[in-house]
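**Student:** What follows is a single structure, and I will ask about it in a moment.
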Amino acid sequence: MSRLVYVLNGPNLNLLGKRQPHIYGHETLADVEVACVALAAELGLSVRFHQSNREYEIIDWIHEAREVAGAIVINPAAFTHTSVAILDALNAFEGLVYEVHISNVHKREEFRHHSFVSGRADGVIAGFGTEGYLLALRRVGSQLPV
Ligand code: DQA
């Protein structure tokens, strides 16, 4: 299986670092991408890192990943709680899926407690800040065949 990983980010995560820093921290999404690419190199993985505010773009990247990637690390952001379409796309992907949330969604409003994506994810990380992406990549690194 391919050691290529798609790291996908949903709506408003382009504002990471500026948006509600008391919840999401001060690191930007560009910082997260740099850290992911560096760790991936260490782990012998390659990464395609994307963010979109549009549901269909995330779905298209999942379809693209079906053809080439061994794993998807996804922070679907608000689409986590609303999107059957993203769940369906992930169900059509045969590799590993890890769901990441920067904040601990279970400690927050009740509408954040349900995730459609968790019904497909092989693992879920929430509340570890942006380090959650790196933890997910480490898990991908140990799960995918070399
Ligand atoms: C989030 C949690 C979601 O509930 C929220 O809509 C986000 C970010 C997180 O990373 O903690 O935009 O996925």
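**Student:** May I ask you to order 59-66, 13-20 by the average number of other C-beta atoms within 10 Å around their residues, highest value first?
**Tutor:** Top to bottom by mean Cβ count within 10 Å: 59-66, 13-20.
**Student:** Rounded to the nearest 500, what is the chain's calculated 222 nm mean residue ellipticity when only DSSP H runs of at least 4 contribute -39500 (n - 2.57) each, over all residues?
**Tutor:** Rounded to the nearest 500, the figure is -11000 deg cm²/dmol.
**Student:** Pull out a ≥ b ≥ c, the square roots of the eigenvalues of the alpha-carbon gyration tensor of the stretch 65-146, then state rounded if a/c is under 1.5, prolate if not and a/b is larger than b/c, and oblate in the remaining case.
**Tutor:** oblate
**Student:** Tell me the carbon and sulfur percent of the accessible area for the chain, rounded to whole percent, probe radius 1.4 Å.
**Tutor:** Whole-percent figure for carbon plus sulfur exposure: 52.
**Student:** Also, quick follow-up: Among ILE74, TYR24, GLN51, whose Cα lies farthest out toward the positive end of the dipole of the stretch 12-84, if unit charges sit on the beta carbon of Lys, Arg (+1) and Asp, Glu (-1)?
**Tutor:** TYR24
**Student:** Taking a quarter of the surface of the convex hull around the Cα atoms of the chain, what do you get in nm²?
**Tutor:** Answer in nm², one decimal: 7.5.
**Student:** Give me the 1.4 Å probe accessible area per residue for the chain, excluding ligands and nucleic acids, in Å².
**Tutor:** 49 Å²
The values are calculated or read from the model by the stated rules, or taken from the named source; none is laboratory data. Quantities reported herein were computed from a predicted structural model and do not represent experimental measurements. Neighbour counts are summed over all protein chains in view; Cβ atoms, including those assigned to glycine, are modelled from backbone coordinates with ideal geometry. These area figures cover heavy atoms from the full protein model, side chains too; ligands, DNA and RNA do not enter into them. Shrake-Rupley method; radii C 1.70, N 1.55, O 1.52, S 1.80 Å.
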